Amino acid sequence: MADTLNQNTNIVASNKKRSSGSDECDHHDDSFFVSKKQSKSLVWEDPAAALANARHEFGEHGGVNMSIEASATFTVMEPETMRRMFAGELGPDRDFFIYSRHFNPTVLNLGRLMAALEGTEAAYYTASGMSAISSVMLQLCSSGGHVVASQTLYGGTHALLTHFLPRACNITTSFVDVRDLEMVKEAIVEGRTNVLYFESVSNPTLTVANIPELSRIAHEKGVTVVVDNTFAPMVLSPVKLGADVVVHSISKYISGAADIIAGAVCGPASLVNSMMDLHQGSLMLLGPTMNPKVAFELAERLPHLGLRMKEHCKRALEYASRMTKLGLKVIYPGLEDHPDHALIKSMANKDYGYGGILCVDMETEERANRLMNVLQNFTQFGFMAVSLGYYETLMSCSGSSTSSELNNEEKELAGISPGLVRMSIGYNGSLEQKWSQLDKALSKMQEKMPF
């Protein structure tokens, strides 16, 4: 792991409350992020069980829901305490908070739940998924740093690695096909490469990363493995499979309602602490702060994420199977003919399926647009919109939308066809009701344009 993971690890520790009349604190440790039941052992369990096993935070007056700490700044009982807080001697380990750009109690409580979900020591939420990704990269890499990354990534991440980080930070990236393990091994330069970055299930092509093997290759050369698990919460647990750090766009499945922009960083407590370092922390100094009111909203949604994911995945598999039988070119890891089906089956958490996203390759953008138009405006199957994880089905033509940051050559290398339609399958309505709408649209398409 990079040296930065060991900086300032005394900032965060257990959540024992200080007494109202004293600012004393006697010791620090990193268990602050970990529930009491979880702190004895980080042995993995089912993600829903892990969430249920995490400490339940009650409200200030005994409410069943945690309180919202909406303060930007926090008072102290004694003048000397403030100096000690800024010196790093006192912190959230004993309920000492400085300012909500640093640590906020409500956001921190939500972070404990996210750490339980991903099986990590720690987690902290940010204002967006891209802020989570960029903050991690800037914490793990310095000027002159090097990243090896999958050539198939969300367009915003690809732009960050291709354009922004080289220009602004002198951090360069080598893009590879993560299915080609030898190519990955050759691209990693021991002593120079800082991070191996990839998506657990790629956006939009649904390539599944061999997380155990990629992690082994990276660790043999002293490289930190960062995995974007936005497409597969509950389905895959990258840290259980060998990764070091997990990032999420919380705006997607975890939010579930297309009404919140947020991100999360999950990993070692030492990493999260270093990102909040007053002098060198990327989260502290760049300030992608989550509003505690948003944190409260998300805390109410995490408990039913498992139920939602199971339904997303169940319907995606059913629709993918039926569309394949109709002759469409469907890409979905749950189908046995998907090249990574055996791999995802070997890595996935039991009973959560294979993901809630499927793709239909219509070959040309014109055909893709026609299909989406019929699905939205004639049969009401779903909405033409970017993003994913909503209770309604969302559809987009990836090459001209969420992957438009890639040039034509990069799209071709990533396997993004001009007519690739990405569908985030929703769970609103009954399965058969929505299938009838999809089937009707496909029949209308075939009248003039056979598959």
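The values are calculated or read from the model by the stated rules, or taken from the named source; none is laboratory data. Fair warning: this is a prediction, and the values are worked out from it, not measured in the lab. For accessibility, only protein heavy atoms count, side chains too; no ligands or nucleic acids. Shrake-Rupley method; radii C 1.70, N 1.55, O 1.52, S 1.80 Å.
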remark   = For region 300-358, the percent of accessible surface on carbon and sulfur atoms (probe 1.4 angstrom, ligands and nucleic acids excluded) is 53 percent
query = Hey, if you drop one equal point scatterer on each alpha-carbon of region 265-365 and run the Debye formula without solvent, what base-10 log of I(q)/I(0) do you get at q = 0.15, 0.20, 0.22 Å⁻¹?
reply = -0.83, -0.97, -1.06
query = Measuring with a 1.4 Å probe in the full set of protein chains, what accessible area per residue, in whole Å², belongs to region 251-304?
reply = 34 Å²
ask   = Separation of region 271-290 and region 335-393 by C-alpha centroid, Å?
value = 36 Å
request  = Please report the relative contact order for the chain, taking Cα pairs under 8 Å with a sequence separation of at least 6, and give it as a percent rounded to a whole number.
outcome  = 16 percent
ask   = Non-local amide H neighbours of LYS240 (under 5 Å, H modeled in plane, Pro and chain starts lacking H): which ones?
value = none
request  = Could you give the C-alpha radius of gyration of the chain expressed as a fraction of 2.2 N^0.38 Å, taking N as the number of residues it contains?
outcome  = 1.00
note = Once amide hydrogens are built 1.01 Å from N within the peptide plane, the residues lying 5 or more places from ALA122 or on another chain with amide H under 5 Å from its amide H are GLY267, ALA269
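Could you tell me what percent of the DSSP beta bridges with both partners in region 189-324 are antiparallel, to the nearest 5? Can you show the working numbers first?
Values: 5 of 13 bridges.
Antiparallel: roughly 40 percent of the beta bridges in region 189-324.
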task = Pull up all non-local amide H partners of SER174: gap of 5 or more, or a different chain, and H-to-H distance under 5 Å with H placed in the peptide plane.
result = VAL147, VAL148, ALA149
note = Computed over region 160-281, the Cα gyration tensor eigenvalues, each multiplied by 5 and square-rooted, give semi-axes in Å (largest first) of 23, 20, 15
query = ³J(HN,Hα) across region 126-143 via Karplus (A = 6.51, B = -1.76, C = 1.60, θ = phi - 60°), whole Hz, x for Gly/Pro?
reply = 10, 6, 6, x, 5, 5, 5, 5, 5, 5, 5, 5, 6, 7, 8, 10, 10, 3
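Report relative contact order for region 91-249 in percent, whole number only (criteria: Cα-Cα under 8 Å, sequence separation at least 6). Before the final figure, lay out the partial values.
Working: 253 pairs, mean separation 32.7, N = 159.
Computed over region 91-249, the figure is 21 percent.
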message = Using the Karplus curve 6.51 cos²θ - 1.76 cosθ + 1.60 with θ = phi - 60°, what ³J(HN,Hα) values do you get for each residue of region 115-125, in whole Hz, with x for Gly and Pro?
response = 5, 5, 4, 8, x, 10, 5, 8, 7, 9, 8
key: Helix 365-377 vs. the chain, principal-axis angle (Cα, 0 to 90°, nearest 10)   = 80 degrees
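Given the alpha-carbon gyration tensor of region 75-136, what are the semi-axes of its equivalent ellipsoid in whole angstrom, ordered largest first, with each equal to the square root of 5 times an eigenvalue?
Semi-axes, largest first: 26, 13, 10 Å.
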